[in-house]
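The values are calculated or read from the model by the stated rules, or taken from the named source; none is laboratory data. None of the values given here were measured: they were computed from a predicted structure. When we count neighbours, we look across all protein chains shown, and the Cβ atoms used for this are built from the backbone with ideal geometry, even at glycine.
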Amino acid sequence: MVKNLKYACDLLGLTYPIIQGGMGNISNAPLTSAVSEAGGLGTVGAGTMPPDDVEKMILDIKSRTMKPFSLNIPISVTKYAIELIDLAIKHGVAAVSLSAGNPAPYIPLLQKNNIKAIVIVASIKHAIKAEEAGADVLVAEGFEAAGINSSLELTTFSLIPQITDKVDIPVFAAGGIADGRGLAAALMLGANGVQMGTRFVAVKEAPFHKAYKKKVLDSDDLGTIILGRSLGRVRRVLKGEYAASLIDSEKKGMSEEEFLEKTSEQFHVRGAIEGDFEEGYVNGGQVAGLIQHIPSVKQLFEEMMEQARNQIKCVYKQFP
């Protein structure tokens, strides 16, 4: 049985049980600070950025909000994991989320410096290991999620209850969540809250290209595709010209080295920041088909909480 909802929110300093997913090299201070200011946990993703660039972003965020935020470090993606940990310590970042690698070597150092350790997992095995390593919070991410994903292909609906049955630390659900119904469902499955990424693309504070936001709004249930499955390098993106060309190249026998080069962060930046879908791609989760409007982060949170409460009350009335 996981800890209760209030415990999880208090642990991370949250008003609402909502975490922003790390967005790698398209992370930015306006969105991260807006999420924290609205009562969630804003997250800046280090991606492949050098420490100097990440530090500038941390300082920018701190100039915009006094509330807690998180730094996401993708362990196997970045060359600077230790340097980034040092930055989190130097600037008193409230939490660090560790993904794409073994978090165990980093957790003691974080906790020694009063930084909460959030670990992204995609299986029961990894969840148990992360708890044993001392993680404070888990984010259990299903295959519906955007971006670099687990090749295990376990979905959120099946993953969350199995993990919450096996661990005693708070678990936040990620993948396929964009509104209050998803939040309510995650809570019913035993999670303490949710992490969202794609939903935060289409908010007023997100400084992404309008073409990226439009692509999210125009998406439907079949609006995403999986790249890299044949190479064991799974990534979920929104459909587009460049993404389609990668699928064709993969079918023709693209090497892993070529795939990694053509899906590097520079091509994601071209899509997300420059709006160029002929020479770039954009990450997007299956939940994009649910996203129909562009609110402020504050409005989004208020809408989600009201919808979640109403959904839970409605169900309770039918099954008192």
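I'd like to verify a number: residues in region 94-118 that are touching a residue at least 60 places away in the same chain (Cβ under 8 Å), buried (at least 23 other Cβ atoms within 10 Å of the Cβ) and among the hydrophobic types (A, V, I, L, M, F, W, C), how many?
2
State the number of residues belonging to region 13-25 that are surrounded by fewer than 23 Cβ atoms within 10 Å (Cβ to Cβ) and either in contact with a Cys (Cβ under 6 Å, 6 or more places away or on another chain) or in a helix (DSSP H, G or I) (or both). Break it down into steps so the answer makes sense when it comes.
Of all residues in region 13-25, those surrounded by fewer than 23 Cβ atoms within 10 Å (Cβ to Cβ) come to 13-16, 25.
Filter once more, keeping what is either in contact with a Cys (Cβ under 6 Å, 6 or more places away or on another chain) or in a helix (DSSP H, G or I) (or both): 25.
Qualifying residue count, region 13-25: 1.
Filtering region 119-134 down to residues that are in contact with a helix residue (DSSP H, G or I) (Cβ under 8 Å, 6 or more places away or on another chain) and closer than 29 Å to S264 by Cβ, which residue is surrounded by the fewest Cβ atoms within 10 Å (Cβ to Cβ)? Don't jump to the end; show me each part of the working.
To start, the set of residues in region 119-134 that are in contact with a helix residue (DSSP H, G or I) (Cβ under 8 Å, 6 or more places away or on another chain) comprises 119, 121-124, 127, 133-134.
If we keep only those that are closer than 29 Å to S264 by Cβ as well, we get 119, 121-123.
Details: V119: 27, V121: 26, A122: 24, S123: 15.
Out of the qualifying residues, it is S123.
Would you mind finding the one in K90, K125, K116 that is at pLDDT 95 or above and more than 29 Å from S151 (Cβ to Cβ)? Give the derivation first.
On the way: K125 fails: more than 29 Å from S151 (Cβ to Cβ); K116 fails: more than 29 Å from S151 (Cβ to Cβ).
Exactly one residue qualifies, and that residue is K90.
Is one or more of the residues making up region 240-256 surrounded by 23 or more Cβ atoms within 10 Å (Cβ to Cβ), β-branched (V, I, T) and either in the same structural domain as R64 (by TED's automatic domain parsing) or over 18 Å from T43 (Cβ atoms) (or both)?
The answer is no; no qualifying residue exists.
Yes/no matrix, rows are residues, columns are (1) crowded, with 16+ Cβ neighbours inside 10 Å; (2) in contact with a Ser or Thr (Cβ under 8 Å, 6 or more places away or on another chain); (3) within 16 Å of A38 (Cβ to Cβ):
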residue	(1), (2), (3)
L290	yes, no, no
Q299	no, no, yes
M304	yes, no, yes
R309	no, no, no
Q318	no, no, no
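Could you identify the single residue in S70, S36, S97 that is among the small types (G, A, S) and part of a helix (DSSP H, G or I)? Talk me through it step by step, then tell me what you get.
Numbers: S70 fails: part of a helix (DSSP H, G or I); S97 fails: part of a helix (DSSP H, G or I).
Testing whether each residue is among the small types (G, A, S) and part of a helix (DSSP H, G or I) leaves just S36.
Confirm whether A211 is touching a residue at least 60 places away in the same chain (Cβ under 8 Å), surrounded by fewer than 20 Cβ atoms within 10 Å (Cβ to Cβ) and over 22 Å from F259 (Cα atoms). Reasoning before the result, please.
Values: touching a residue at least 60 places away in the same chain (Cβ under 8 Å): yes; surrounded by fewer than 20 Cβ atoms within 10 Å (Cβ to Cβ): yes; over 22 Å from F259 (Cα atoms): yes.
So A211 passes the test.
Take V167 and decide whether it is closer than 24 Å to L71 by Cα, in the same structural domain as D10 (by TED's automatic domain parsing), of a type in the set (A, V, I, L, M, F, W, C) and not in a helix (DSSP H, G or I).
Values: closer than 24 Å to L71 by Cα: yes; in the same structural domain as D10 (by TED's automatic domain parsing): yes; of a type in the set (A, V, I, L, M, F, W, C): yes; not in a helix (DSSP H, G or I): yes.
When the stated conditions are applied, V167 passes them.
This table checks each residue for (1) on the phi > 0 side of the Ramachandran plot; (2) in contact with a strand residue (DSSP E or B) (Cβ under 8 Å, 6 or more places away or on another chain); (3) outside the structural domain of L154 (by TED's automatic domain parsing); (4) at pLDDT 95 or above.
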{"site": "L217", "(1), (2), (3), (4)": "no, no, yes, yes"}
{"site": "D220", "(1), (2), (3), (4)": "no, no, yes, yes"}
{"site": "R229", "(1), (2), (3), (4)": "no, no, yes, no"}
{"site": "L238", "(1), (2), (3), (4)": "no, yes, yes, yes"}
{"site": "E265", "(1), (2), (3), (4)": "no, no, yes, no"}
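Could you tell me whether I169 is β-branched (V, I, T) and either more than 18 Å from the chain's Cα centre (by Cα) or within 30 Å of S230 (Cβ to Cβ) (or both)?
Details: β-branched (V, I, T): yes; either more than 18 Å from the chain's Cα centre (by Cα) or within 30 Å of S230 (Cβ to Cβ) (or both): yes.
Yes; evaluated as a whole, the condition is true for this residue.
Considering every residue within region 170-180, establish whether at least one is outside any strand (DSSP E or B) and either of a type in the set (K, R) or more than 26 Å from F301 (Cβ to Cβ) (or both).
Checking region 170-180: not a single residue is outside any strand (DSSP E or B) and either of a type in the set (K, R) or more than 26 Å from F301 (Cβ to Cβ) (or both).
Which condition from (1) in contact with a Pro (Cβ under 7 Å, 6 or more places away or on another chain); (2) under 25 Å from A34 (Cα atoms) is the one that V96 breaks?
(1)
Looking only at region 148-159, which residues are surrounded by fewer than 24 Cβ atoms within 10 Å (Cβ to Cβ) and touching a residue at least 24 places away in the same chain (Cβ under 8 Å)?
Correct list: I148, S150, S151, L152, E153, L154, F157.
If I go through region 126-153 residue by residue, how many of them are assigned to a strand (DSSP E or B) and not β-branched (V, I, T)? Reasoning before the result, please.
Of region 126-153, the ones assigned to a strand (DSSP E or B) are 137-141, 147-148.
From the residues that got through so far, the ones that are not β-branched (V, I, T) too are 138, 140-141, 147.
Residues flagged as assigned to a strand (DSSP E or B) and not β-branched (V, I, T) within region 126-153 amount to 4.
Residues that are of a type in the set (G, A, S), crowded, with 20+ Cβ neighbours inside 10 Å, under 23 Å from K313 (Cβ atoms) and out of contact with any Ser or Thr (no Cβ under 7 Å at 6 or more places or on another chain): does region 187-201 have at least one?
Within region 187-201, one or more residues are of a type in the set (G, A, S), crowded, with 20+ Cβ neighbours inside 10 Å, under 23 Å from K313 (Cβ atoms) and out of contact with any Ser or Thr (no Cβ under 7 Å at 6 or more places or on another chain).
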